[in-house]
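> Have a look at this one before I ask anything.
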Amino acid sequence: MRLRGEEFTGRTTEEAIERGLATLRKKRGDVDIEVLEEGKPANMLGMGGEDARVLITFQEVEEVEEDEPALDEAEVPRRPAAAREDAIEEGDAPPAYAEELVSGADALREILSLMGIEAEVLVNDRPEPQLEIEGQDLGLLIGRHGENLIALQQLVSLITSRRSAKTVYVAIDIEGYRHRREEQLREIAHRVAGRVRATQQAVTLEPMLAYERRIVHLALQDDR
């Protein structure tokens, strides 16, 4: 047997738990439930809300026994690949600086205008070069686990790369979401590492994007 953990979301904590139990076909008494984020209700227009997030862990029976797991070998599945083969993710190209970052800001403003979103785009080169979006009710622009934000980054990076005639990665943050998400991933990694040490059983994490896997792996290395 090994310990397995999966993350689920819902409009409320209870909905996230019920969804997880239904998906896993488990009863509450058979699992360990940890609330990662309480969530926030949407406004009257249905925007700005944030899903509640829970981590459900349980014992999984395996037919073949595995060797003792190492902390840096935590199973972190990949999320489905982006629809475009030329999508640019963090780490695939050098970050945009100076002129490229300004060009990326122009592209981002054009996209937001076409989407009918009123927001301010700021260029910030410290401590890391990135574009920051500030405005009201931007939860929809972030999406579930930041999926919409990642897609927006890939699109802006692609446009900027073509305009500057070289491949660059344009990092984008919305109201500090990236920092909060990175902290959540590090916390999850440290908790999982503790469980692996305590139980000597492998733990399977939720599917993640490339940059999220890097954060988890670095956190696990620091936790050794």
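> So in the range 109-224, what percent of DSSP beta bridges are antiparallel if you round to the nearest 5? Don't skip to the answer; put the middle values down first.
Values: 6 of 9 bridges.
If we restrict to bridges inside the range 109-224, about 65 percent are antiparallel.
> Which loop trypsin sites (Lys or Arg not before Pro) in the range 1-30, with loop taken from DSSP, have no more than 16 other Cβ atoms within 10 angstrom of their Cβ?
Counting only loop positions with at most 16 other Cβ atoms within 10 Å, the trypsin sites (Lys or Arg not before Pro) in the range 1-30 are Arg11, Arg25, Lys26, Lys27.
> Rounded, prolate or oblate: which fits the range 98-177 when a ≥ b ≥ c are the square roots of the eigenvalues of the alpha-carbon gyration tensor, with rounded for a/c under 1.5 and prolate only if a/b beats b/c?
Numbers: a/c = 1.58, a/b = 1.44, b/c = 1.09.
Cα axes put the range 98-177 in the prolate bin.
> So how do Met208, Met115 line up by other beta-carbon neighbours within 10 Å, fewest first?
Arranged by neighbour count, lowest to highest, Met208, Met115 become Met115, Met208.
> Taking the Cα centroid of the range 152-170 and of the range 182-214, what is the distance between the two, rounded to the nearest whole Å?
Using only Cα atoms, the two centres lie 31 Å from each other.
> Taking every DSSP beta bridge with both residues inside the range 98-177, roughly what % is antiparallel (nearest 5)? Mind dumping the intermediate values first?
Values: 6 of 9 bridges.
Just about 65 percent of them are antiparallel.
> Here is a follow-up. What relative contact order, as a whole-number percentage, does the range 110-219 give when Cα pairs under 8 Å and 6 or more residues apart are counted? Intermediate values should be presented prior to the final figure.
Numbers: 90 pairs, mean separation 20.9, N = 110.
In percent, rounded to a whole number, it is 19.
> Something else about it: Could you please rank Tyr177, Tyr169, placing first whichever residue has the fewest other Cβ atoms within 10 Å of its Cβ?
On the way: Tyr177 19, Tyr169 24.
Lowest to highest Cβ neighbour count: Tyr177, Tyr169.
> Exposure proxy check: Ser103, Ser157, Ser164, Ser113 ranked by fewest other beta carbons within 10 Å? Please list the in-between numbers first.
Numbers: Ser103 20, Ser157 28, Ser164 14, Ser113 11.
Ordered by Cβ neighbours within 10 Å, fewest first: Ser113, Ser164, Ser103, Ser157.
> On to the next question. Mind listing the phi-derived Karplus ³J(HN,Hα) values for the range 134-147, rounded to whole Hz, using 6.51, -1.76 and 1.60 with θ = phi - 60°, and x for any glycine or proline?
With coefficients 6.51, -1.76 and 1.60, one gets 10, x, 9, 6, 9, x, 5, 6, 6, x, 5, 6, x, 5 Hz.
> Also: Please list the non-local residues whose amide H lies under 5 Å from the amide H of Thr204, H modeled 1.01 Å from N, same-chain partners needing a gap of 5 or more.
Gly5
Throughout, read-outs are computed from the coordinates displayed, never taken from laboratory work. These figures come from a predicted structure and were not determined experimentally. Positions of Cβ are backbone-derived with ideal geometry, glycine not excepted, and every protein chain shown enters the neighbour counts.
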